[in-house]
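Note sheet for the following structure.
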Amino acid sequence: LEENPDYWCPHQFNNQMNPFMHEGTTGPEIWRQAKKKVDYFICGIGTGGTVAGVGRYLKEQNPNVKIIAVEPSESRTHVGAVHTPHDIIGLGPGVKSKFIDDLDPGRPFEEGPRGYIDEFQHANSEQSIEWARNITMQEGIMVGPSSGAVMKVAVEVASRPEAKGKTIVLVLSSHGIRYTAHPMWEGVKAESIMALPSVPDMSPEPLLKWPLDRNTPADIQEVTTEIHAAAIVSYKGAGGIITAGVDSTLGGTQSRSRRTSIESSREGGGGDSIDFSFPLTP
């Protein structure tokens, strides 16, 4: 910063504008959209600014609202535990939040409420990743592990008998597109590589050209195709370069069909072709 006077550092872990802005904007937005009915507010602790700012605003509107802060099971520093490594990016940075400390200055961090935060709950890395995947795949909301941690706690809170019929608000803090390199998606990426081993040549002629792992026509063992709108959408087989084109001129009044020419060509040119006919869907 000394060398670049045009640069600016937000100091988000110490800047009081962090919780102040959440108190003045995020809190009122939640209160308005929830139609002034919030019984539980659940939020992860990164800098602590969101839970501190929103928590203060909601307590002023409804003193009975329960404010619940979430941190990694591996890094429960706000209840006095020791920080250890975890996979929940965005939560549990390993330092105590100044904004949460300020709720009861000088008091040791320990189990129990602190200021207007009623509970400190937690989720471990495995649980957080599992819940992030659940939200993404079942609800169509792509999120990361920090949101998974908050959702895990929210589900547990919603299961409490006293929470029946209550309004629970939680913060899913960031879009999952930020976490495509995270280990949580290793299984999905491995599956996609199996399904799409190499990028197809989508030039207009032929309709489909796909390099496979062997390069002689004799290697073709099975080809299963399904034709929709003159395009092959699935196949199974092995061979050099398989290309497909559709001839829709064949057919008759008794038997209407399309012919698909499957050509397996060797490197360097040449090759054999096999014709298949498929019934047209009426």
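The values are calculated or read from the model by the stated rules, or taken from the named source; none is laboratory data. This structure is a prediction, so every number in the text was calculated from the model and none was measured. Backbone-built Cβ (ideal geometry, glycine too); neighbour counts: all protein chains shown. All accessible areas refer to the heavy atoms of the entire protein, side chains included, with ligands and DNA or RNA removed. Shrake-Rupley method; radii C 1.70, N 1.55, O 1.52, S 1.80 Å.
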In the range 72-120, what count of residues is obtained for those that are surrounded by fewer than 17 Cβ atoms within 10 Å (Cβ to Cβ) and at positive phi? 4
Can you pull out every residue in the range 60-85 that is among the β-branched types (Val, Ile, Thr) and in contact (Cβ under 8 Å) with a residue 12 or more places away in the chain? Val65, Ile67, Ile68, Val70, Thr77, Val79
Given the conditions (1) touching a strand residue (DSSP E or B) at 6+ places or on another chain (Cβ under 6 Å); (2) among the charged types (D, E, K, R); (3) open to solvent by less than 50 Å² (accessible area, probe 1.4 Å), report the number of the one that Lys66 does not fulfil. (3)
Find all pairs meeting these conditions: Cβ atoms under 9 angstrom apart; at least six residues apart or on different chains; first residue within the range 90-111 and closer than 15 Å to Gly53 by Cα and touching a residue at least 24 places away in the same chain (Cβ under 8 Å); second residue assigned to a helix (DSSP H, G or I) and open to solvent by 50 Å² or more (accessible area, probe 1.4 Å). Leu103/Arg56
Name the one entry in Gly48, Gly90, Gly80 that is over 29 Å from the mean Cα position of the chain (by Cα) and over 20 Å from Arg160 (Cβ atoms). Gly80
Picked from the range 1-52 (must be open to solvent by 50 Å² or more (accessible area, probe 1.4 Å), among the polar types (S, T, N, Q) and outside any loop (DSSP other than H, G, I, E, B)), the residue nearest to Leu103 (Cα to Cα) is Thr25
